[in-house]
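Below: the structure, in structure tokens.
The values are calculated or read from the model by the stated rules, or taken from the named source; none is laboratory data. None of these values were measured; they are calculated from a predicted model. Cβ sites come from the backbone with ideal geometry, for glycine too, and all protein chains shown count toward neighbours. Side chains are part of the model used for accessible areas, which takes the heavy atoms of the whole protein and leaves out ligands, DNA and RNA. Shrake-Rupley method; radii C 1.70, N 1.55, O 1.52, S 1.80 Å.
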Amino acid sequence: MKGSNMRKAMIPGSFDPVTRGHVDVIERSAALFDEVDVVIMENTNKKSLFTKEERKDMIEQEVAHLKNVKVLIGEGLTVNMAKKLDASAMIRGIRATSDYEYEVSIATANMMLEKDIETLFLLSKPQFSFVSSSTVKEIAKFHGKLDSFVSENVRKKLEEKFQ
Ligand code: PNS
């Protein structure tokens, strides 16, 4: 499919690092859209552990089996990135109700900035509803078991950071 008939979605996030929950949202999005761009964006409220390049490499390994998914490093506002990439939707995963308030505030701001770009929410699978990059970093810092939260590759990268 080519040009305007092609449906592209963007998945923005900080992915520091990518978790099994993120991968699930990416896989489900890839089944719904012709093309999916996973875009590493800056969250000004968070201090990052991994560089954007390290995060990109990790996500690329996770999504190697998905032929319609690309991983990019973005900059500025997500709505501007979405326009630049010609994506009609931005997808965010929602876990518990605690995510809802924050997500509504960014989605509403984005809607006011760019009315043509929709934000879509995918509900996390129950097994991932308490998985977050912050939790994963805390577990890694204290050398806890990471297998249910991240892939083997990401686990190794976390262990290297905290050794
Ligand atoms: O994975 P995260 O940290 O929850 O992702 C948040 C992110 C990066 C999507 C958000 O902070 C973001 O969109 N940053 C770019 C700046 C922007 O467009 N902010 C929204 C308008 S207020």
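Tabulated data for the structure shown
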{"item": "Lys84 accessible area, 1.4 Å probe, all protein chains in place, Å² to nearest 10", "result": "150"}
{"item": "Mean separation of Cα contacts under 8 Å (6+ apart) over length of the chain, as relative contact order %", "result": "27"}
{"item": "Inter-site label distance for Thr44 and Ala31 at 7 Å from Cα along Cβ, in nm", "result": "3.7"}
{"item": "Cα-only radius of gyration and Dmax that characterise the range 16-90, units Å", "result": "12.2, 33"}
{"item": "Taking all pairs of distinct alpha-carbon atoms in the range 59-123, Kirkwood radius in angstrom", "result": "13.2"}
{"item": "Area projected by the alpha carbon convex hull of the chain, averaged over all directions, nm²", "result": "9.4"}
{"item": "Carbon/sulfur fraction of accessible area - the range 8-129, other protein chains in place, 1.4 Å, %", "result": "54"}
{"item": "Between the range 31-63 and the range 75-115, the alpha-carbon center distance in angstrom", "result": "15"}
{"item": "Relative contact order of the range 77-163, pairs being alpha-carbon contacts under 8 Å that are 6 or more residues apart, as %", "result": "27"}
{"item": "Reachable lysines, given that their alpha-carbon falls under 18 Å from the alpha-carbon of Lys56 and they are not under 8 places away in the same chain", "result": "Lys46, Lys47, Lys67, Lys70, Lys137, Lys156, Lys157, Lys161"}
{"item": "Per-peptide average of other Cβ atoms within 10 Å, ordering 143-154, 24-35 highest first", "result": "24-35, 143-154"}
{"item": "Using a Förster distance of 41 Å, the FRET efficiency for Glu159-Tyr100 (Cβ separation, nearest 0.05)", "result": "0.80"}
